[in-house]
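The values are calculated or read from the model by the stated rules, or taken from the named source; none is laboratory data. A quick note: this is a predicted structure, and the numbers were derived from the prediction, not measured. Quick reminder, even Gly has a Cβ in these numbers, built from the backbone with ideal geometry, and neighbours come from all protein chains shown.
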């Protein structure tokens, strides 16, 4: 996600204005506020007529369905594809499975931008599962290929993929979880064992940060999910012996540094 912010900053430095993004670039209000001041705008749903020929349109890291990309290209705008390379790999796996005649099960959050984008590569026989009940409802006689939203946690993946293996006889499971996200989640779990307070930094609307906060809370350690250091002003650290800090993938380094400084400085 930081990659797509860098792409946007490079366009700003070139003096381009306005710059459009397909959906909020990342789920971090501090970053969005900064970019908005520099002329970056989120496209409306009915964007035809908004874009002039040559305007830059940035596709965010989550990616978009092929039909939506075609729609953007018809505007005459200049497409800057910021889709995460790992997400592109998942898109290709979905398309490959669809072309081979398989049904596709995407393990992930319904309505999440990445999942919506993946569904566009499998127009038929595509199922989304985020819970055991979702798996129970899936019905198909086709071979099944399973892919995973890049930020899904390991526990949920193991549970749902295990149920799918039991339910269907012809199953191919492709673990498309992001290695960086997996490392971050595992590091947070290990850190939880050493501290009595975890601070998770990231957007309140960020799926991967919310999942990170839940993972920490599930480790039975007090967990604070914050977006900025200002939210720590009312926190009493007097009875806290050890603090752990982690952050979502889209959290800028400067916000992390401010939080660390605030914790070190104390009340």
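Being surrounded by 16 or more Cβ atoms within 10 Å (Cβ to Cβ) and assigned to a strand (DSSP E or B) is the requirement here; does residue 64 meet it? Judged against the criteria, residue 64 is not a match.
Taking the condition assigned by TED's automatic domain parsing to the domain that holds residue 156, more than 21 Å from residue 143 (Cβ to Cβ) and free of Cβ contacts under 8 Å to residues at least 60 places away in the same chain, does residue 116 pass?
yes
Run down 121, 127, 157 and say which single residue is within 18 Å of residue 94 (Cα to Cα), in a strand (DSSP E or B) and not assigned by TED's automatic domain parsing to the domain that holds residue 64. Write out each step before concluding.
Working: 121 fails: in a strand (DSSP E or B); 157 fails: in a strand (DSSP E or B).
On inspection, the qualifying residue turns out to be 127.
Residues in region 134-143: is at least one farther than 13 Å from residue 104 by Cα and buried (at least 19 other Cβ atoms within 10 Å of the Cβ)? Spell out the reasoning first.
Restricting attention to region 134-143, the residues satisfying the condition of being farther than 13 Å from residue 104 by Cα are 134, 136-137.
From what is left, the residues that are buried (at least 19 other Cβ atoms within 10 Å of the Cβ) are none.
There is no residue in region 134-143 that is farther than 13 Å from residue 104 by Cα and buried (at least 19 other Cβ atoms within 10 Å of the Cβ).
Does region 229-251 hold any residues that are in contact with a strand residue (DSSP E or B) (Cβ under 8 Å, 6 or more places away or on another chain), under 24 Å from residue 5 (Cβ atoms) and part of a loop (DSSP other than H, G, I, E, B), and which are they? If the condition is that a residue be in contact with a strand residue (DSSP E or B) (Cβ under 8 Å, 6 or more places away or on another chain), under 24 Å from residue 5 (Cβ atoms) and part of a loop (DSSP other than H, G, I, E, B), then 248, 251 are the ones that fit.
Table: residues versus (1) modelled with pLDDT under 95; (2) within 19 Å of residue 263 (Cβ to Cβ); (3) in the same structural domain as residue 93 (by TED's automatic domain parsing).
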| site | (1), (2), (3) |
| --- | --- |
| 140 | no, no, yes |
| 169 | yes, no, yes |
| 196 | yes, yes, no |
| 210 | yes, no, no |
| 224 | no, yes, no |
| 231 | yes, yes, no |
| 244 | no, yes, no |
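When restricted to residues that are touching a residue at least 60 places away in the same chain (Cβ under 8 Å) and either part of a helix (DSSP H, G or I) or within 24 Å of residue 133 (Cβ to Cβ) (or both), region 180-203 contains 3.
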